[in-house]
1. Of all residues in region 110-141, which are in contact with a strand residue (DSSP E or B) (Cβ under 7 Å, 6 or more places away or on another chain) and either assigned to a loop (DSSP other than H, G, I, E, B) or at positive phi (or both)?
2. Of the residues that sit in region 105-131 and are modelled with pLDDT of 90 or more and basic (K, R), which one is surrounded by the most Cβ atoms within 10 Å (Cβ to Cβ)?
3. For P91, work out the one condition from (1) part of a loop (DSSP other than H, G, I, E, B); (2) closer than 30 Å to H188 by Cβ it doesn't fulfil.
4. If you go through region 93-104 one residue at a time, do you hit one that is loosely packed, with under 14 Cβ neighbours inside 10 Å and more than 23 Å from K207 (Cβ to Cβ)?
5. Counting just the residues of region 166-206 that are closer than 30 Å to P90 by Cα and of a type in the set (A, V, I, L, M, F, W, C), which one comes out surrounded by the most Cβ atoms within 10 Å (Cβ to Cβ)?
6. Looking for something closer than 18 Å to I58 by Cβ, among the aliphatic types (A, V, I, L, M) and at pLDDT 85 or above - is there at least one such residue anywhere in region 139-146?
7. What are the pairs with Cβ atoms under 7 angstrom where one residue, in region 125-136, is polar (S, T, N, Q) and the other, located anywhere, is at pLDDT below 90? Sequence gap at least six, or different chains.
8. Kindly check whether there is at least one residue in region 28-37 that is under 12 Å from the mean Cα position of the chain (by Cα), part of a loop (DSSP other than H, G, I, E, B) and either over 30 Å from V214 (Cα atoms) or in contact (Cβ under 8 Å) with a residue 60 or more places away in the chain (or both).
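The values are calculated or read from the model by the stated rules, or taken from the named source; none is laboratory data. Just so you know, these numbers come straight off a predicted model, no measurement behind them. Virtual Cβ from ideal backbone geometry, glycine too; neighbours counted across all protein chains shown.
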Amino acid sequence: MEKIAALYLAHLNPVTKAHESIITNLAKQYNNVYIYPVIFFKSGNEINTRTFPFSYEIRRTMLERLFDKFDNIKVLPDYSFVSPYIRYLPPFLSPSSWTLRKQILGNVKEREFISYTGDTAERIALRMYNLHPIKSRRLEISASKVKELMYDEALSKMGRSTKQTETSLFWTDLVPERVVDVIKQSWHIIEQFAQMPDRTVKIIGMKFPADGIVHF
């Protein structure tokens with residue numbers, strides 16, 4: 001029987017319990033699971049924003065600690081955009097976007113593979129690139145919600161929160177325990193971005209750091 005791989009291209013910023021469930025299920029069904037946390041580069045440096053606070057290395061640590069007992073889960077840095085990001089648009093028509101596809105598949109050993117996403121726009125793009133996306137549901141726990149709760153906590157502890165409503169939901173309820181430990185060790189990053197405006201733009205359903213859209 002042909003061995004089939006699963007590709008998971010995602011922000012994973014941070015890794016949530018929903019991500020954990022999806023990746024665990026993929027690992028049980030497919031020969032290898034290749035996880036690609038998206039990375040944005042400008043002048044050789046990774047660009048992070050309020051939407052994308054954690055670097056690739058921190059996200060890789062989250063994933064490796066969470067799935068250390070799985071031999072068939074591999075975390076790769078091959079889903080990386082290099083400034084100017086506009087070069088990858090529009091998808092399908094841009095030569096750079098096809099170079100990115102080749103880069104993503106460069107370390108996939110299997111001849112047969114599927115890709116996973118819970119986002120409709122991303123699924124259409126993956127289909128255009130012939131990455132064989134499977135039908136899936138959107139994440140029940142969004143990383144955006146987790147970040148919102150983390151930023152609220154950071155601002156509250158610094159005495160800068162302007163929110164009046166109380167919530168019984170904590171970000172630690174939505175994140176695996178091993179990932180919670182990684183986030184706490186990197187809490188200065190949350191404190192930093194909690195006080196900053198978001199410098200992220202959405203183009204054709206895709207999010208990019210504003211810094212690097214059109215400049216080298």
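1. Here is the first cut: in region 110-141, the ones in contact with a strand residue (DSSP E or B) (Cβ under 7 Å, 6 or more places away or on another chain) are 110, 112-117, 123, 126-127, 131-134, 136.
The answer is E110, T117, L131, H132, I134, S136.
2. Filtering first and then ranking leaves K109.
3. Checking P91 against (1) part of a loop (DSSP other than H, G, I, E, B); (2) closer than 30 Å to H188 by Cβ, the one that fails is (2).
4. Looking only at region 93-104, we keep the residues that are loosely packed, with under 14 Cβ neighbours inside 10 Å, and these are 93, 95, 99, 102.
Adding the requirement that they be more than 23 Å from K207 (Cβ to Cβ) leaves none.
There is no residue in region 93-104 that is loosely packed, with under 14 Cβ neighbours inside 10 Å and more than 23 Å from K207 (Cβ to Cβ).
5. As a first pass, look at region 166-206 and keep what is closer than 30 Å to P90 by Cα: 193, 196-206.
Checking the rest, the ones that are also of a type in the set (A, V, I, L, M, F, W, C) come to 193, 196, 201, 203-204, 206.
Details: F193: 22, M196: 11, V201: 15, I203: 13, I204: 10, M206: 17.
Among those that are closer than 30 Å to P90 by Cα and of a type in the set (A, V, I, L, M, F, W, C), it is F193.
6. Within region 139-146, the first condition is being closer than 18 Å to I58 by Cβ, and the residues that meet it are 143-144, 146.
Among the residues that remain, those that are also among the aliphatic types (A, V, I, L, M) are: 143, 146.
Subsequent filtering for residues that are at pLDDT 85 or above retains 143, 146.
Scanning region 139-146, I find at least one residue that is closer than 18 Å to I58 by Cβ, among the aliphatic types (A, V, I, L, M) and at pLDDT 85 or above, so the answer is yes.
7. S136/T117; S136/G118
8. Start the filter on region 28-37 by keeping residues that are under 12 Å from the mean Cα position of the chain (by Cα), which leaves 35-37.
Checking which are part of a loop (DSSP other than H, G, I, E, B) leaves us with none.
No, there is no match, as no residue in region 28-37 is under 12 Å from the mean Cα position of the chain (by Cα), part of a loop (DSSP other than H, G, I, E, B) and either over 30 Å from V214 (Cα atoms) or in contact (Cβ under 8 Å) with a residue 60 or more places away in the chain (or both).
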